[in-house]
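Take a look at the structure set out below.
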Amino acid sequence: MHLDRLELRELNLPLKFPFETSFGRTTNRRVLIVEAIDQSGEVGYGECVAMEGPFFSAETIDTAWMIISKHIAPLLASQGLAADNVFQTLSPIRGNQMAKGAVESAIWDLESKLLGLTLGKHLGGVRTEIACGVSVGIQSSPDELLEIIARELDSGYQRIKIKIKPEHDLKLVQAVRSRYKDIVLSVDANAAYSLDRDGPLMKELDNYNLLMIEQPLAPGDLVDHAKLQQQLRTPLCLDESIASVADARHALELGACRIINIKLGRVGGFSPAREIQALALRQQIPVWCGGMLETGIGRAHNIAMSSLPGFTLPGDVSASQRYWNEDIIEPEVEVSSRGTIQVPTGAGFGYRVRDDRVEKLTVRSETVRVGSLTTSTSAVH
Ligand code: OSB
Ligand code: MG
């Protein structure tokens, strides 16, 4: 592959409904899209999943833009580039996984297109359809939450996850469980609790037959997650805590979780995501694909990844229409009445990007050359 350049774009898209988690409320999505373009003019697409503020993790779309343009692009040799080596090539840069993941996933898409393969197959996917769940944000009342859940179950979704935060937790779970005895239900705290203060609450939550409790404690608190897991029957699932393959290995060695949420952006791209998937598979730890309110581009990448072995639990990958009045891909991502998405069969990520719509939504763009060092402290490799 002869990579010619990267094109960065910032799009601005209003969400159809505000999405509230323990760390904040999102009404509008500022999205960084990366186009990786080779010398023949073929385009691969990536989406940076960082949010506008540094609240889910330290990155923002503005830091990612800067890191890609000043530090990632210079490290990408224009010749002899292979998608599965990009993450390793970027290893002199510490952290900044979402910036790396945006570029790396664009190059995977580009490489799949050049090989005429679907992205899913190129990654080693084995499934033709994936199981879907939904993540429901914090609502202003239990009744509103129940109304939304009724609608999502009607649409066929196989698993309901509700967001919780202090003061908005046990009552919500009780309300949902008394209305729906048997649905597959989980909660996601986005790191809002501490073991000292909230151990008793966690033990209460243990009584509601939850599929998992996702990221109850702070991202760095693997040891406390391990202590908590020992006290619960309900599996803990880690999201924010897993920012690398090493984090996944440490979490499993410590017994800090029994399930892993894999988000390619959070771990730096498809290559590290696949390593975590392979590690979990060897240890019979179920994984599922998380979401970050992506446009169709990131959504398509999540669908491809969910087709890999070991993704045995329904993910947070759901229909375009839950987020956007109009997505930026065609066809939009649709979910069957059985709560599944068909893995597309076209080359690359398998959807057409609506260039006209992308152009209309673009608020800034930059063409970035690859392979030329532009800073006075450059990585040596
Ligand atoms: O913790 O999984 C999360 C959205 C933004 C940031 C973090 C998370 C989420 C979601 C929504 O839960 C997943 C989605 O529907 O895309
Ligand atoms: Mg989460």
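The values are calculated or read from the model by the stated rules, or taken from the named source; none is laboratory data. Given the structure is predicted, the values throughout are model-derived calculations rather than measurements. Please note: Cβ atoms are built from the backbone with ideal geometry, for glycine as well, and neighbour counts cover all protein chains shown. To get the accessible areas, we keep the full protein, side chains included, count just its heavy atoms, and leave off ligands, DNA and RNA. Shrake-Rupley method; radii C 1.70, N 1.55, O 1.52, S 1.80 Å.
If the Cβ limit is 6 Å and pairs must be 6+ apart or interchain, which residue in region 218-236 that is β-branched (Val, Ile, Thr) pairs with which residue that is part of a loop (DSSP other than H, G, I, E, B)?
Thr234/Asp206; Thr234/Leu210
Out of Ser91, Ser57, I need the residue that is open to solvent by 20 Å² or more (accessible area, probe 1.4 Å), away from ligand 1 (no atom under 16 Å from the Cβ) and polar (S, T, N, Q). Which one? Give the steps one after another, and end with the answer.
Working: Ser57 fails: away from ligand 1 (no atom under 16 Å from the Cβ).
So the residue among Ser91, Ser57 that is open to solvent by 20 Å² or more (accessible area, probe 1.4 Å), away from ligand 1 (no atom under 16 Å from the Cβ) and polar (S, T, N, Q) is Ser91.
Ile149: touching a helix residue (DSSP H, G or I) at 6+ places or on another chain (Cβ under 7 Å), assigned to a strand (DSSP E or B) and among the aliphatic types (A, V, I, L, M), yes or no?
Against the criterion (touching a helix residue (DSSP H, G or I) at 6+ places or on another chain (Cβ under 7 Å), assigned to a strand (DSSP E or B) and among the aliphatic types (A, V, I, L, M)), Ile149 does not qualify.
Pairs please, first residue from region 108-119 and closer than 11 Å to Val43 by Cα, second anywhere and among the basic types (Lys, Arg), Cβ atoms under 9 Å, 6+ apart in sequence or on different chains.
Pairs found: Ser112/Lys121.
Listed here are the residues, each with its yes/no results for (1) away from ligand 2 (no atom under 16 Å from the Cβ); (2) in contact with a Pro (Cβ under 9 Å, 6 or more places away or on another chain).
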| position | (1), (2) |
| --- | --- |
| His225 | no, yes |
| Gln229 | yes, yes |
| Arg233 | yes, no |
| Ser244 | yes, yes |
| Ala251 | no, no |
| Leu254 | yes, no |
| Gly265 | no, no |
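Out of (1) open to solvent by 10 Å² or more (accessible area, probe 1.4 Å); (2) closer than 16 Å to Asp206 by Cβ; (3) touching a helix residue (DSSP H, G or I) at 6+ places or on another chain (Cβ under 9 Å), what's the single condition that is false for Arg177?
For Arg177, the exception is condition (3).
Looking only at region 181-201, count every residue that is touching a strand residue (DSSP E or B) at 6+ places or on another chain (Cβ under 8 Å) and more than 16 Å from ligand 2 (Cβ to nearest atom) and tell me the total.
2
Give me a count of the residues in region 101-140 that are open to solvent by 10 Å² or more (accessible area, probe 1.4 Å), of a type outside the set (Gly, Ala, Ser) and away from ligand 2 (no atom under 16 Å from the Cβ). Don't jump to the end; show me each part of the working.
We begin by selecting, within region 101-140, every residue open to solvent by 10 Å² or more (accessible area, probe 1.4 Å); these are 111, 113-118, 121-122, 124-129, 131, 135, 138-140.
Now narrow it down to the ones that are of a type outside the set (Gly, Ala, Ser): 111, 113-115, 117-118, 121-122, 126-129, 138-139.
The next check asks that each one be away from ligand 2 (no atom under 16 Å from the Cβ); those that pass are 111, 113-115, 117-118, 121-122, 126-129, 139.
Number satisfying all stated conditions: 13.
Check Val363, Val380, Val353 and return the single one that is at pLDDT below 95 and either open to solvent by less than 50 Å² (accessible area, probe 1.4 Å) or among the hydrophobic types (A, V, I, L, M, F, W, C) (or both).
Being at pLDDT below 95 and either open to solvent by less than 50 Å² (accessible area, probe 1.4 Å) or among the hydrophobic types (A, V, I, L, M, F, W, C) (or both) holds for just one of Val363, Val380, Val353, which is Val380.
Have a look at Ser318, Ser271 and point out the one that is farther than 18 Å from Pro216 by Cβ, touching an Asp or Glu at 6+ places or on another chain (Cβ under 9 Å), away from ligand 1 (no atom under 13 Å from the Cβ) and of a type in the set (Ser, Thr, Tyr). Talk me through it step by step, then tell me what you get.
Details: Ser318 fails: away from ligand 1 (no atom under 13 Å from the Cβ).
Only one candidate passes the filter, namely Ser271.
Only one residue in Ala256, Ala251 is in contact with a His (Cβ under 6 Å, 6 or more places away or on another chain) and at pLDDT 95 or above. Which one?
Ala256
Out of the residues in region 11-33 that are more than 17 Å from Asp327 (Cβ to Cβ) and in contact with a Lys or Arg (Cβ under 8 Å, 6 or more places away or on another chain), which is surrounded by the fewest Cβ atoms within 10 Å (Cβ to Cβ)?
The extreme case among them is Pro18.
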